[in-house]
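Quick one: the structure is below, and I'll ask about it shortly.
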Amino acid sequence: MRNPPRYVIFGTGAIGLATLDALLRRGETVRMVNRSGSAQVPEEVEVIGGNAADPEFNTDVTRGARVVYQTMNPPYERWVEEFPALQAGVLAAAETHEARLVSMENVYMYGRPAGHPLTETRDYAADTKKGKLRGQMATELLAAHRAGRVAVAIGRASDYFGPRGGAQSNLGDRLFPAALAGKTATVLGDPDQPHTYTYIPDIGEGLAVLGEHPDAPGQVWHLPNDPNTHTTRQLVDLVFQQAGQPCTRLRQIKPWMIRIAALTNRTLRELPEMQYQFEEPFIVDSSKIINTLDVHATPVEQALADTLATYRSAASGSQPQPSHPSPA
């Protein structure tokens, strides 16, 4: 390993890499950690491979770090089996080195919105397997903070989209290539329900702020979303317009289609319990981080345009030049 960095990020998926981007814009030194030891990162960024559930490995790889980021996301069908040990390993490392721990979460623990926007004060009322797990993990982190063991800041995002979103994003591989080609895009759930989507670079910027702001620890923060919540169909319409298409072509993936496909696909088998998110208005309020830490969402039109540019550039083999949020 090279000289100890100030920041260590566990996870090299879309969120981990967006956090890396935000830290590099600040001129920080960063180490990435994943299982393979390889990732598409700038040459100066060290990537270490290992098992994040191993406390000894985590202690070694985080030595000297001021902030540790947890952005890992195990296979969807392995959440219950793998996630608690991964979090425990990272938490132990941060505690050992007295580093701040910034943990990336989603909003599963709240359960159904029931007609109200989701805020950070919402009770954990999930009745799903993955929602209950998320609630338990968040409770453990905040308990560690209150006990004085480690400074913890939690960032939560809704369904994400943006560069590197890929097939895991509802507004990802099933949308942007189709829009560029004038073909039919597909989305999960009812496209006419208002639904909050969080832009991946805004997630990275928000997590970077949580790692440096003195008021961040000990709290949950919804990462910045465009306050004007759109329906999924409205966002798809914008993408088709930006792609220069005369009309939108959109098809909904029906719940029964998922259930049939799930018979032979373990990952898809995990989706039905979470489909409530697309059956009613699903609005995640991020006014707290906007008003308190001055972290704002990229305007959704710009965010979609930048994401479309990455898909267009990938198709042509050129390098996109998306705009990025400025450090707060």
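The values are calculated or read from the model by the stated rules, or taken from the named source; none is laboratory data. Being a predicted model, the structure only gives us computed values, none of them experimental. Positions of Cβ are backbone-derived with ideal geometry, glycine not excepted, and every protein chain shown enters the neighbour counts. We work out accessible area using only protein heavy atoms, side chains counted, and drop any ligands, DNA or RNA first. Shrake-Rupley method; radii C 1.70, N 1.55, O 1.52, S 1.80 Å.
Compute, for residue 132, the solvent-accessible surface of its heavy atoms (probe 1.4 Å) with the complete set of protein chains present, and express it in square angstrom to the nearest 10.
Rounded to the nearest 10, that gives 110 Å².
Check cross-link reach from residue 132 to the lysines: straight Cα distance under 27 Å, and skip same-chain residues fewer than eight apart.
List returned: 254, 288.
From the backbone phi of the range 48-60, what are the Karplus-calculated ³J(HN,Hα) couplings (6.51 cos²θ - 1.76 cosθ + 1.60, θ = phi - 60°) in whole Hz, Gly and Pro given as x?
10, x, x, 9, 5, 7, 9, x, 5, 4, 4, 4, 5
Turning to a different aspect of this structure: How large is the translational diffusion coefficient of the range 217-328 in µm² per second when you combine the Kirkwood radius over alpha carbon pairs with Stokes-Einstein at 37 °C and 0.692 mPa s?
After rounding, the answer is 190 µm²/s.
With springs only between Cα atoms under 10 Å apart, run a GNM on the chain and tell me which of 52, 88, 261 wobbles the most.
Per the Cα network of the chain with a 10 Å cutoff, 261 tops the list.
For the range 162-283, just say rounded, prolate or oblate: build the C-alpha gyration tensor, square-root its eigenvalues into a ≥ b ≥ c, call rounded for a/c under 1.5, and beyond that prolate if a/b exceeds b/c, oblate if not.
Oblate shape, in that a/c is at least 1.5 and b/c is the bigger or equal ratio.
Another question, if that's okay. By how many degrees, 0 to 90 and rounded to 10, does the Cα axis of helix 232-242 deviate from the longest principal axis of the chain?
Compared with the principal axis, the helix lies near 80 degrees.
Please list 212, 81, 43 from largest to smallest accessible area, probe radius 1.4 Å, with all protein chains kept in place.
So, going from the largest accessible area down, we get 43, 81, 212.
Next up: GNM, the chain, Cα, under 10 Å: largest mean-square fluctuation among 75, 224, 194?
Most flexible of the set in this elastic network: 75.
So, one more: Any chance you could look up the accessible area of residue 316 with a 1.4 Å probe, heavy atoms only, rounded to 10 Å²?
Accessible area, nearest 10 Å²: 80 Å².
List the residues whose amide H sits under 5 Å from the amide H of residue 222, counting only those 5 or more places along or on another chain, with H placed 1.01 Å from N in the peptide plane.
156, 289
Between residue 76 and residue 139, what FRET efficiency comes out of the Förster formula 1/(1 + (r/R0)^6) with R0 = 25 Å and r the beta carbon distance, rounded to 0.05?
With R0 = 25 Å, the Cβ-Cβ based efficiency is 0.70.
Heavy atoms only, probe 1.4 angstrom, no DNA, RNA or ligands counted: give me 213, 116 ranked by accessible area, highest first.
Result of the area sort, largest leading: 116, 213.
How many nm separate the modelled label positions at residue 26 and residue 251, each set 7 Å beyond the Cα in the direction of the Cβ?
4.5
I would also like to ask the following. Taking amide H atoms as placed 1.01 Å from N in the peptide plane, list the residues 5 or more away in sequence, or in a different chain, whose amide H sits under 5 Å from that of residue 296.
Correct list: empty.
Let me ask you something else. Please list, ordered by chain and number, the residues whose modelled amide H lies under 5 Å from the amide H of residue 66; skip anything fewer than 5 residues away on the same chain.
For residue 66, the qualifying residues are 7.
Report, in degrees rounded to the nearest 10, the 0 to 90 angle that the Cα long axis of helix 200-212 makes with the longest principal axis of the chain.
It is inclined by approximately 20 degrees.
OK, next. Of 256, 221, which has the most accessible area and how do the rest follow, probe 1.4 Å?
256, 221
When all C-alpha to C-alpha distances in the range 112-169 are sorted into bins of 10 Å, what percent of pairs does each bin hold, rounded to whole numbers?
Once binned at 10 Å, the Cα pair distances of the range 112-169 give 17, 40, 34, 9.
Round to a whole number: what % of the accessible area of the range 174-222 belongs to carbon and sulfur, probe 1.4 Å?
C and S atoms contribute 48 percent here.
Could you identify which residue out of 14, 157, 85 has the top mean-square fluctuation in a GNM of the chain using Cα springs shorter than 10 Å?
Of 14, 157, 85, the most mobile in the Gaussian network model is 85.
Antiparallel versus total DSSP beta bridges in the chain: what percent is that, nearest 5?
That works out to approximately 5 percent antiparallel.
With a 1.4 Å probe and all protein chains left in place, how much accessible area per residue does the range 45-204 have, in Å²?
That works out to 37 Å² per residue.
Put a dot 7 Å past each Cα toward the Cβ at residue 121 and residue 316; how far apart are the dots in nm?
Computed distance between label sites residue 316 and residue 121 equals 5.0 nm.
Taking Cα atoms, how many degrees apart are the long axis of helix 300-316 and the longest axis of the chain, rounded to 10 and kept between 0 and 90?
The two axes meet at around 90 degrees.
Distance from a point 7 Å along Cα→Cβ of residue 262 to each backbone N in the range 115-159: keep the residues under 13 Å and list them by number.
128-130
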